[in-house]
Amino acid sequence: MSDRAHEDGGARENDRARETDRAHEDDRIREDTARRLDRAMGSLGTAAMARMEERLAWYRALSAEDRSWVGLVAQAGIAAFVEWFGHAGEGRPTPSIEFFGTAPRELKRSVSLQQTVDLVRIVVEVVEAQVEELAAPGGAELLRHAMLRYTRDVAFAAAQVYAREAEARGSWDARLEALIVDALVRGQVDDGLHSWAAALGWTSAPVVVFAGYAPDEDPQSVIDGLRDKGRRLGHELLAGVQGDRLIVIVGGADGVKDAARGVVARFGPGPVVIGPEVPDLHAAARSARAAIAGLRAAAGWPDAPRPVLAEDLLAERALDGDEDARAQLVENVYKPLAGTPLLDTLATYLEQGTSLEATARLLFVHPNTVRYRLRKITELTGYQPTEGRSAFTLQVGLILGRLSVT
């Protein structure tokens, strides 16, 4: 073997020896630093709590119990770092993140993800401020590098914890939303409805219910899109797909037109019926009942606008067997006119094809008297006999009223 080969082999052996010596030295520095960290855990936790009290207004606003839990999480985080740092050279792939399980579920709802990041940042600042004292001689850079890796993984861990909580909360909220919509559609309004609504944080009033057909899309995507639109408009919104129907409950809108913005476009083809505005969610069953009855009867008025008010479909709803619509027509059309000449005038006017002169001749009155009575009928019922849709509704109301007294 040549002298050059011997020299190269010796150099490699020397390099390996130096690397081994450096590794042993690093292990010694790590072990020494780990012991120092272990002894300082209590003081680090105390310093972190004091810094949070000084710097974080949200922490000061927490209850004493929640502050205690936050302190335990911070202490557990420091302890987990010390434990990880002492064994980081033994092939452990990632830092341990189990310390986040220290916090109860209620705390995760009280403390936001941003606030958790604040907490981690404070703990890191406290440790960084004492790196020179905590690290063994020559170990400051090693400790800083370990902290960077550890805090990176802690940040990811926090995001994972909150993402899981958000998914669980979202699934639970979706079930509550479906229960509320189903209860209102069925008219089963009881204390359970109030509890479910409270769990979702529903506080809005007034409330309007929309009924239409669901689009040919994934139901959850439709509901998520509606919910996002509602948030952008400042409305609270609940929605449910039931078979081919889509039911949407809007709260906090400034009137029916405001509630319809951004909602109607999310329905599939076909009519969209708006129930009457009601004062709160408890009364929304009435609005839902009217909207669904209107959706069933909407085929009777093919040229109805989209959306259409359930009130504008009273005649079709009554013919379709909706008892609420029948009672409302009798109350609003027949009873205000019963026992007065207005009832005969209306009946004659409608029977004569809305001819003013023919009505006047049959009643032996002047045409101006007929005009006056027609105006009174409009004032009392809200329907104008000279307009086609109103005349049709008046005719149905008149018939139902006669049937109700036989």
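General observations
- Taking segment 351-378 as the range and being assigned to a helix (DSSP H, G or I), open to solvent by 40 Å² or more (accessible area, probe 1.4 Å) and hydrophobic (A, V, I, L, M, F, W, C) as the test, the residues that pass are Leu362, Leu363.
- The residues of segment 316-327 that are open to solvent by 50 Å² or more (accessible area, probe 1.4 Å) and either in a helix (DSSP H, G or I) or β-branched (Val, Ile, Thr) (or both), listed by number, are Leu319, Glu323, Asp324, Arg326, Ala327.
- Segment 249-296, residues that are under 24 Å from Pro219 (Cα atoms), of a type in the set (Gly, Ala, Ser) and outside any loop (DSSP other than H, G, I, E, B): Gly251, Ala259, Ala260, Ala265, Ala284, Ala285, Ser287, Ala288, Ala290, Ala291, Ala293, Gly294
- Any hit, segment 343-350, residues being over 21 Å from Glu316 (Cβ atoms) and either in contact with a Lys or Arg (Cβ under 8 Å, 6 or more places away or on another chain) or surrounded by fewer than 17 Cβ atoms within 10 Å (Cβ to Cβ) (or both): yes
- Helices (runs of 4 or more DSSP H) contained in segment 48-127 and holding at least 3 residues at pLDDT 80 or above: 57-60, 64-87
- Matching residues, segment 246-262, being open to solvent by less than 60 Å² (accessible area, probe 1.4 Å) and more than 11 Å from Val208 (Cβ to Cβ): Leu246, Ile247, Gly262
- Selection status of Arg306, open to solvent by less than 20 Å² (accessible area, probe 1.4 Å), touching a helix residue (DSSP H, G or I) at 6+ places or on another chain (Cβ under 9 Å) and not aliphatic (A, V, I, L, M): no
- Every residue from segment 379-401 that is in contact (Cβ under 8 Å) with a residue 24 or more places away in the chain, in a helix (DSSP H, G or I) and open to solvent by 40 Å² or more (accessible area, probe 1.4 Å): Leu380, Arg389, Phe392, Gln395
The values are calculated or read from the model by the stated rules, or taken from the named source; none is laboratory data. Small disclaimer: the values here were computed from a predicted structure and weren't measured. Here the Cβ is made from the backbone with ideal geometry for all residues, glycine too, and neighbour counts use every protein chain on show. All accessible areas refer to the heavy atoms of the entire protein, side chains included, with ligands and DNA or RNA removed. Shrake-Rupley method; radii C 1.70, N 1.55, O 1.52, S 1.80 Å.
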